[in-house]
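The values are calculated or read from the model by the stated rules, or taken from the named source; none is laboratory data. What you see is a predicted model; the values in this text were computed from it and never measured. For neighbour counting, all protein chains shown are included, and Cβ atoms are generated from backbone atoms with ideal geometry for every residue, glycine included. Remember, those area values only see protein heavy atoms, side chains included, never the ligands or the DNA or RNA. Shrake-Rupley method; radii C 1.70, N 1.55, O 1.52, S 1.80 Å.
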Amino acid sequence: MNQAIQFPDREEWDEENQAVCFPALVHGMQLNCAISGETLLRRFGGKDPLEAFNANRWDLEEEASDLLRDQQEDNHGWVWLS
């Protein structure tokens, strides 16, 4: 893992966006990452998006790292995994 990008264990379910949101620290600056609950359950199965996220945390953090390095933020500064 790139030491310049860190992922604190502060993921949470966002009811409004129907997504698991999690912070990334990039050179000390916090950015927001997210993946929809629907995508998590489609990709990894199960019934609880947070459980699916936690069971696959390392892979999802690596995917988010790649998107962050490629500067794939949306218009609101969020990185969305698909």
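The helix-based estimate of mean residue ellipticity at 222 nm for the chain, built from -39,500 (n - 2.57) per DSSP H run of four or more residues and divided by its residue count, is -10000 deg cm²/dmol to the nearest 500. A 1.4 Å probe, protein heavy atoms only, puts the accessible area of D70 near 100 Å².
Which whole-number value in Å² is the accessible area per residue of the chain, probe 1.4 Å? If you can, show how the numbers build up before the last one.
On the way: 5190 Å² over 82 residues.
Per-residue accessible area for the chain comes out at 63 Å².
Given a 1.4 angstrom probe, I'd like the percentage of the accessible area of the chain that is carbon and sulfur, rounded to a whole number. Numbers along the way, then the final one.
Working: 2280 of 5190 Å².
Heavy-atom surface of the chain belonging to carbon and sulfur, 1.4 Å probe: 44 percent.
Accessible-area rank, largest first, for R42, R69: R42, R69, with all protein chains present and a 1.4 angstrom probe.
Normalised by the residues of the chain, what does the relative contact order come to in percent, with Cα pairs under 8 Å and at least six apart?
Values: 121 pairs, mean separation 21.2, N = 82.
Relative contact order of the chain: 26 percent.
Each label point was placed 7 Å from the Cα along the Cα-to-Cβ direction; for E38 and V26 their separation is 2.6 nm.
Rounded to the nearest 5, what % of the DSSP beta bridges within the chain are antiparallel ones? Provide the component values of the computation, followed by the final result.
Values: 13 of 17 bridges.
DSSP beta bridges in the chain are roughly 75 percent antiparallel.
Answer rounded, prolate or oblate for the chain, using the Cα gyration tensor with square roots of eigenvalues a ≥ b ≥ c: rounded when a/c is under 1.5, else prolate when a/b is larger than b/c, else oblate. Note, shape of the chain comes out prolate. Largest mean-square fluctuation among F44, F53, F22, in a Gaussian network model of the chain whose springs join Cα atoms under 10 Å apart, belongs to F44. Extending 7 Å from Cα along the Cβ direction at R69 and again at R10 yields two label points whose distance is 2.5 nm.
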